Amino acid sequence: MIKNLKRTFKYVKGRYHFVVISLIMIIIVQILNFFSPLIVKEVLDNYIMGIEFDWVEISEESEKSVLFNDRIYKQVRFLDDEDIVLNPASIIINKSSMYFINDEVVAGTREFNDNSLLVTSNDGLVYTYDIVKLSAKDLTNFYNPVIPMLVILIIIIFVRMVLVITATYFQHISSNRVASYIAKDARTAAMKSVERLPIKYFEAEPAGKMASRINYDVDGMISLFRMSVNIVLPTVLSFVFAYIGMFYLDYRLALISFVIYPIVYIWIRYFLKHLKVLAEKVNELRSLLTAKINEIINGISILQIFNFKKHTVKEFNVLNDSFRTEQLKEVKLNITAGWNMVGLFRGFVTVLIVAYFGWQHLSFGEIAVTAGLVYAYNEYLLKIIDPVQIIFQNVCEYQHSMVRVERISKLIEGELEDDTTGEIDRYVGAVKFDNIWFAYDKDNYVLKGVDIDIKPGEMIGLVGHTGSGKSTLMNLLLRFYDIEDEKSGNIYVDGMEIKSIPKRVYRNHLGVVLQEPTLFKGTIASNIRFGRDDVSDEEVEKILISVGGENILKKFDDGIHHPITRTGVNLSSGEKQIITLARVIIHNPSILIMDEATSHIDTETEAMIKKALEVVSKGRTVIVVAHRLSTIYNADRIIVLDHGIKVEEGKHQELVQKNGYYANMYRAQLANIRK
């Protein structure tokens with residue numbers, strides 16, 4: 001838990017003033033809440049129920065005296081030196097009525113008749129008193145001495161309420177502002193990590209699942225911060241202040257209350273242990289659901305064409321049902337061992353307080369038990385229990401937040417590529433693969449002792465059947481994967497071992513055109529520039545025309561400023577490939593890799609790409625991973641791989657005449673074209 005809090009609060013940096021404001025407001029609220037029961041106790045005991053305090057008849061009117069039945073009365077607590085006391089008097093509350101007695105009433109069991117009161121004292125003696133029921137007007141007169149102070153206390157209670165509302169408002173504004181910054185910075189950190197994650201991570205994780213982590217799991221940090229500041233911290237302070245009040249009112253009951261904490265600890269441990277397991281399952285299934293939805297949406301055209309919808313919906317329902325089942329288990333746990341149990345405990349505590357103070361006829365030792373005392377003590381106990389109930393109501397979300405923070409932290413803190421940046425002289429373009437052995441899985445080698453020596457400026461064709469190791473070899477050159485074992489060979493560029501150069505620095509002079517052209521939402525120009533804002537529109541147009549993009553400019557009225565939608569769906573495959581080739585020229589790499597760049601295009605577009613390739617190839621080393629052999633007829637050399645082994649090398653005509661692997665591939669493709 002502490003680790004996750006540190007992960008969350010590190011994004012608070014630079015916003016500490018908002019946190020300080022929030023903390024000050026929380027402390028103010030808790031101090032005001034601490035005094036609230038004491039103020040109400042004062043109102044109840046000394047000003048509402050205080051009318052039962054001792055009265056006396058005095059000789060003449062003075063401040064806070066009351067005229068009743070032509071006699072003057074005053075409470076003993078308000079007597080001053082000038083007052084002359086004549087006789088004792090009493091006011092007694094019975095149910096909803098109040099009665100005046102022109103005498104002092106002894107303590108004991110009371111029995112009310114029509115106009116008299118019988119009191120049986122503790123030693124068995126019976127006393128009879130004449131009583132007069134007070135009218136509303138008389139009652140008001142007897143309350144008049146305390147009304148000014150009562151009004152002041154009521155105003156204080158109202159002001160306290162306004163201050164609590166105001167402080168709570170500013171506290172939530174401050175904490176939510178910090179939470180929004182945490183979300184922003186955490187998402188930025190997650191995206192920066194995504195850019196530096198090894199390729200193997202993306203191969204293992206579905207895209208939808210990763211999107212869920214960045215979008216949804218970051219909210220775990222927001223929830224964790226909000227609950228820590230808005231719930232946990234106020235609960236701790238409420239707990240401390242409540243115990244101060246409880247010890248002030250009755251230290252014995254306060255000490256007795258500590259007996260229940262071992263039971264509460266065991267209960268919470270049990271609850272959180274089971275909740276964590278369920279929370280992890282629920283969050284994992286939620287991510288898988290998101291990934292499945294993403295997969296269905298991206299492949300909707302294939303699903304509709306092949307009528308695969310029923311099977312897909314069935315798979316989705318299985319996943320969705322698992323998610324529902326785990327959520328239901330979580331709800332059951334909350335109901336049986338969560339906030340419902342706290343509610344039961346809350347009721348038990350209230351009963352315990354009444355029983356404690358009711359023991360021995362509402363008298364305990366030397367403590368006179370009053371309505372205000374019972375109210376105040378109950379309020380302080382509830383200030384401990386109610387926040388605990390709020391925590392239990394939110395503990396499910398709290399546990400989910402912990403799991404989400406763990407998940408997003410694995411992304412942010414996971415294995416990242418070296419982020420060192422810098423400049424390096426443009427490569428001459430010599431590339432050497434020296435005895436390359438490589439396996440994605442241990443001992444299952446994809447490349448087996450491959451040796452290739454490429455001269456600067458050469459155009460190399462790399463061919464082979466599916467699974468022969470072509471793309472793997474290029475992934476090693478691009479350093480999407482590194483050769484970890486020194487015995488498995490090395491790759492050199494201009495005589496330098498590529499592992500000795502930081503990855504980002506090394507890639508400064510590499511370019512790649514993939515089988516599936518990658519375009520981003522924006523314009524044709526922004527996709528060609530791709531970070532090179534110093535390139536003018538005229539240069540962009542000139543480069544686009546040089547690689548055969550005249551038709552693209554003619555097709556769209558707004559030319560290079562034509563918008564490109566998500567992944568370039570409003571462009572043909574050939575147009576997208578032309579744009580990616582123009583991007584290559586803008587960035588001017590010394591080594592260019594084209595990975596199956598013509599495999600998904602028609603013959604006419606292929607001819608256009610071949611022409612563009614001639615332009616792109618000038619002044620740089622080009623490695624073409626070819627599916628269509630026609631793309632590499634004019635290559636300086638063609639290298640044939642089979643099951644990870646280099647089996648042939650030479651020019652097109654030489655390899656055809658050799659009548660080996662390449663010749664068989666060539667004749668097979670030629671036969672398909674003729675058909």
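The values are calculated or read from the model by the stated rules, or taken from the named source; none is laboratory data. Not measured: the values here are computed from a predicted model. Cβ coordinates were reconstructed from backbone atoms using ideal geometry, including for glycine residues, and neighbour counts include every protein chain displayed. For the accessible areas, the whole protein counts, side chains as well, though only heavy atoms, and no ligand, DNA or RNA atoms are used. Shrake-Rupley method; radii C 1.70, N 1.55, O 1.52, S 1.80 Å.
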Scope region 167-195; condition open to solvent by 50 Å² or more (accessible area, probe 1.4 Å) and in contact with a helix residue (DSSP H, G or I) (Cβ under 9 Å, 6 or more places away or on another chain); matching residues: TYR169, PHE170, HIS172, ILE173, ASN176, ARG177, SER180, TYR181, LYS184, ARG187, MET191, LYS192
Surrounded by 11 or more Cβ atoms within 10 Å (Cβ to Cβ), at pLDDT 75 or above and among the hydroxyl-bearing types (Ser, Thr, Tyr): is that true of THR290 in this structure? yes
List pairs: first residue in region 515-529 and crowded, with 18+ Cβ neighbours inside 10 Å, second residue β-branched (Val, Ile, Thr) and part of a loop (DSSP other than H, G, I, E, B) anywhere in the structure, Cβ distance under 7 angstrom, at least six positions apart or on different chains. ARG529/VAL535
Might you let me know whether region 371-388 holds any residue that is modelled with pLDDT under 65 and not hydroxyl-bearing (Ser, Thr, Tyr)? no
Could you say which residue among SER90, SER97, SER121 is surrounded by 14 or more Cβ atoms within 10 Å (Cβ to Cβ) and under 22 Å from THR370 (Cβ atoms)? SER90
Here is a list of conditions, (1) in contact with a Phe, Trp or Tyr (Cβ under 9 Å, 6 or more places away or on another chain); (2) more than 21 Å from PRO198 (Cα to Cα), and MET474 meets all of them except one; can you say which number that is? (2)
Tell me whether region 408-419 contains one or more residues that are assigned to a helix (DSSP H, G or I) and without any contact (Cβ under 8 Å) to a residue 60 or more places away in the chain. yes
Looking at (1) surrounded by fewer than 17 Cβ atoms within 10 Å (Cβ to Cβ); (2) of a type outside the set (Gly, Ala, Ser); (3) modelled with pLDDT under 90, which is the only condition LYS651 fails? (3)
Checking the structure you have, find out if any residue of region 95-116 is under 25 Å from GLU60 (Cβ atoms), in a strand (DSSP E or B), over 60 Å from the mean Cα position of the chain (by Cα) and of a type in the set (S, T, N, Q). no
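A quick yes/no check of all residues on (1) charged (D, E, K, R); (2) under 29 Å from LYS646 (Cβ atoms):
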site: SER409; (1), (2): no, no
site: ASP419; (1), (2): yes, no
site: GLY467; (1), (2): no, yes
site: MET474; (1), (2): no, yes
site: GLU486; (1), (2): yes, yes
For LEU224, state whether it is over 30 Å from ASN317 (Cβ atoms), of a type outside the set (Phe, Trp, Tyr) and open to solvent by less than 60 Å² (accessible area, probe 1.4 Å). yes
Conditions first: (1) touching a residue at least 60 places away in the same chain (Cβ under 8 Å); (2) under 21 Å from GLU423 (Cβ atoms). LEU462 passes all but one, so which condition is the exception? (2)
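In region 68-84, which residues are open to solvent by 50 Å² or more (accessible area, probe 1.4 Å) and either in contact with a helix residue (DSSP H, G or I) (Cβ under 7 Å, 6 or more places away or on another chain) or over 15 Å from PHE100 (Cα atoms) (or both)?
If the condition is that a residue be open to solvent by 50 Å² or more (accessible area, probe 1.4 Å) and either in contact with a helix residue (DSSP H, G or I) (Cβ under 7 Å, 6 or more places away or on another chain) or over 15 Å from PHE100 (Cα atoms) (or both), then VAL76, ARG77, LEU79, ASP80, ASP81, GLU82, ILE84 are the ones that fit.
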